[in-house]
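**Student:** Right, I'll just put the structure down here and ask away after.
The values are calculated or read from the model by the stated rules, or taken from the named source; none is laboratory data. None of these values were measured; they are calculated from a predicted model. FYI the Cβ positions are ideal-geometry reconstructions off the backbone, even for glycines, and counts take in every protein chain you see. Remember, those area values only see protein heavy atoms, side chains included, never the ligands or the DNA or RNA. Shrake-Rupley method; radii C 1.70, N 1.55, O 1.52, S 1.80 Å.
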Amino acid sequence: NEVINNQDVQFCVGQTRTLTSETIAGNNIAYEWVFNDGMTSNVIADTPTLTLTNVTMANNGTYTLTVDLTDDCGNFVKLEGTFNIGVFKVATANPVNNINFCDADNDGFNAFDLQSLVTPQVLGDLQSSTDFEVIYFDNLPDAENNVTANALPNPYTNSSSTEIIYARIHNRNAPETC
């Protein structure tokens, strides 16, 4: 239910997305979806709805929907909308080990470099810090909603002897999508 004409749209690898033309009044309505990957243009559908199943990087490109129709006065009308789709790798958070430390000065506090201690575990061997970002929060809603204003500083000094810290991982190029 969003108008995406002249927009850049972000999808994640593996998603299925359906794009639907708005309701058009007229006669002899003909739809044509064209995909341009930067090398070639091809007609990929002739229906009011375009479904992209199991999106891959090959779906990156420019999409154009052309609608030809005859209006109520008998005039030929051509409507056209274009938008870009960017497809991005999905982030996956890997399990991490608890951080345990010995409190040498017995004050209950320590500064932890979460980026060096935990981020490599979250990323695992298959995700690069170039493509993916890990941000830490002290509550799940802020992590889920990417409230970066409430992200924990690095290094982070604990506020109690036992804490739960939430790691959010996302694709740097599509942080609200993947």
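**Student:** Go through (1) on the phi > 0 side of the Ramachandran plot; (2) in contact with a strand residue (DSSP E or B) (Cβ under 6 Å, 6 or more places away or on another chain); (3) of a type outside the set (Phe, Trp, Tyr) for Asn106 and report which single condition fails.
**Tutor:** Of (1) on the phi > 0 side of the Ramachandran plot; (2) in contact with a strand residue (DSSP E or B) (Cβ under 6 Å, 6 or more places away or on another chain); (3) of a type outside the set (Phe, Trp, Tyr), only one is false for Asn106: (2).
**Student:** Which condition breaks for Val134 when tested against (1) in a loop (DSSP other than H, G, I, E, B); (2) among the aliphatic types (A, V, I, L, M); (3) closer than 23 Å to Gln15 by Cα?
**Tutor:** (1)
**Student:** Mind listing just one residue for me: the one in the stretch 86-111 that is modelled with pLDDT under 95 and among the aromatic types (Phe, Trp, Tyr) and, of those, most open to solvent (accessible area, probe 1.4 Å)?
**Tutor:** Filtering first and then ranking leaves Phe109.
**Student:** Shifting gears a bit: Mind counting the residues in the stretch 125-140 that are surrounded by fewer than 12 Cβ atoms within 10 Å (Cβ to Cβ) and not hydroxyl-bearing (Ser, Thr, Tyr)?
**Tutor:** Final tally of qualifying residues: 3.
**Student:** Another one. Could you look through the stretch 36-52, keep only residues that are small (Gly, Ala, Ser) and modelled with pLDDT of 95 or more, and pick out the one that is least open to solvent (accessible area, probe 1.4 Å)?
**Tutor:** Residues of the stretch 36-52 small (Gly, Ala, Ser): 38, 41, 45.
Going one step further and asking which of them are modelled with pLDDT of 95 or more, we end up with 41, 45.
Numbers: Ser41: 71, Ala45: 20 Å².
The extreme case among them is Ala45.
**Student:** Then there's this: Which of the residues belonging to the stretch 1-40 are out of contact with any Asp or Glu (no Cβ under 9 Å at 6 or more places or on another chain), in a strand (DSSP E or B) and free of Cβ contacts under 8 Å to residues at least 60 places away in the same chain?
**Tutor:** Within the stretch 1-40, Arg17, Thr18, Leu19, Thr20, Val34, Phe35, Asn36 meet the criteria.
**Student:** While we're here: For the stretch 146-177, give me each residue that is without any contact (Cβ under 8 Å) to a residue 60 or more places away in the chain, in contact with a Leu (Cβ under 9 Å, 6 or more places away or on another chain) and β-branched (Val, Ile, Thr).
**Tutor:** The answer is Ile164, Ile165.
**Student:** With the structure loaded, tell me whether Ala143 is touching a residue at least 60 places away in the same chain (Cβ under 8 Å), open to solvent by less than 80 Å² (accessible area, probe 1.4 Å) and either of a type outside the set (Phe, Trp, Tyr) or assigned to a loop (DSSP other than H, G, I, E, B) (or both) or whether it fails that test. Before you say what the answer is, go through the steps one by one.
**Tutor:** Working: touching a residue at least 60 places away in the same chain (Cβ under 8 Å): no; open to solvent by less than 80 Å² (accessible area, probe 1.4 Å): yes; either of a type outside the set (Phe, Trp, Tyr) or assigned to a loop (DSSP other than H, G, I, E, B) (or both): yes.
It is false that Ala143 is touching a residue at least 60 places away in the same chain (Cβ under 8 Å), open to solvent by less than 80 Å² (accessible area, probe 1.4 Å) and either of a type outside the set (Phe, Trp, Tyr) or assigned to a loop (DSSP other than H, G, I, E, B) (or both).
**Student:** I would also like to ask the following. Which one of these is in contact (Cβ under 8 Å) with a residue 12 or more places away in the chain, farther than 30 Å from Ala45 by Cα and polar (S, T, N, Q): Asn84, Asn97, Asn60?
**Tutor:** Going through Asn84, Asn97, Asn60 in turn, just one is in contact (Cβ under 8 Å) with a residue 12 or more places away in the chain, farther than 30 Å from Ala45 by Cα and polar (S, T, N, Q): Asn97.
**Student:** So, in the stretch 1-35, exactly how many residues are among the hydroxyl-bearing types (Ser, Thr, Tyr) and exposed (fewer than 12 other Cβ atoms within 10 Å of the Cβ)? First the steps, then the outcome.
**Tutor:** Kept after step one, since they are among the hydroxyl-bearing types (Ser, Thr, Tyr), are these residues of the stretch 1-35: 16, 18, 20-21, 23, 31.
If we keep only those that are exposed (fewer than 12 other Cβ atoms within 10 Å of the Cβ) as well, we get 16, 18, 23.
Total meeting the criteria: 3.
**Student:** Can you pull out the residues in the stretch 41-84 that are of a type in the set (Gly, Ala, Ser) and part of a helix (DSSP H, G or I)?
**Tutor:** Scanning the stretch 41-84 gives a single hit, Ala58.
**Student:** Exactly one of these conditions fails for Asp46: (1) in contact with a strand residue (DSSP E or B) (Cβ under 6 Å, 6 or more places away or on another chain); (2) in contact (Cβ under 8 Å) with a residue 24 or more places away in the chain. Give me its number.
**Tutor:** Only one criterion is unmet by Asp46, namely (2).
**Student:** Condition first: within 16 Å of Ile99 (Cα to Cα) and either open to solvent by 70 Å² or more (accessible area, probe 1.4 Å) or at pLDDT 95 or above (or both). Now tell me which residues in the stretch 153-167 satisfy that.
**Tutor:** Filtering the stretch 153-167 down to residues within 16 Å of Ile99 (Cα to Cα) leaves 154-167.
Residues satisfying the conditions are Asn154, Pro155, Tyr156, Thr157, Ser159, Ser161, Thr162, Ile164, Ile165, Tyr166, Ala167.
**Student:** Residue check, His170 against (1) in a loop (DSSP other than H, G, I, E, B); (2) under 18 Å from the mean Cα position of the chain (by Cα), all met but one. Which one?
**Tutor:** His170 satisfies every listed condition except (1).
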